[in-house]
Amino acid sequence: MNWHWQCAYCGIWTDNEIPLLIEFNKKHRKQAFCCSDECKEKARFFYGRIKRMTPLFLVLVAISGLFIIAGILYTIFISAGCLIMGVTALVLPYATSEQFAEYGVKKTVKLVRIIGALSITILCPLFIILHIMQISIL
């Protein structure tokens, strides 16, 4: 019987079985497979980066959330929160482990970066315009 595995990095289905142990912390480990040694190294580098940068990611998400909550007072703060979230998504394109398992690292990173770019190009200007409209009405 031929087993087919989805590559942890590029997401293609293959019968190559190059194992990759993904270690998020001492208690959370995951076994995955890659289609080539190149994909294995890229996936190992990406998951190592996640492990190192998670504290920064959480701080930026918290700051963004505080700005969005502060948007109750002034809508311009929502725009700042969307900008911080968009830049965070572009620089640190992290998603859930289920998304990485379903689509692979490559496609998931592309999707998260597109969402981050949309946050910057659409949501930020939208809330700036709403803020300006509120000021002009007063």
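Every number in this text was worked out from the coordinates using simple rules, so none of it is lab data. All of these numbers come straight from a predicted model, not from anything done at the bench. All Cβ positions, even for glycine, are placed from backbone atoms using ideal geometry, and neighbour counts span all protein chains on display.
Brief remarks follow.
- Listed residues Tyr47, Tyr103, Tyr74, most fluctuating in the chain (Gaussian network, C-alpha, under 10 Å): Tyr74
- Cβ charges +1 (Lys, Arg) and -1 (Asp, Glu), total dipole of the chain, debye: 340
- Options Met133, Leu83, Thr121, ranked by Cα towards positive dipole end of the chain, top entry (Cβ charges): Leu83
- On full extension, the segment bounded by Arg52 and His4 gains 14.2 nm, given 0.36 nm per residue less the C-alpha separation.
- Added length on full extension, which subtracts the Cα-Cα distance from 0.36 nm per residue, Ile12 to Leu73: 17.2 nm
- The Val59 and Leu21 beta-carbon pair, evaluated with R₀ = 25 Å, returns a calculated FRET efficiency of approximately 0.35.
- Per-selection metrics, the chain (Cα): Rg and Dmax in Å: 19.2, 72
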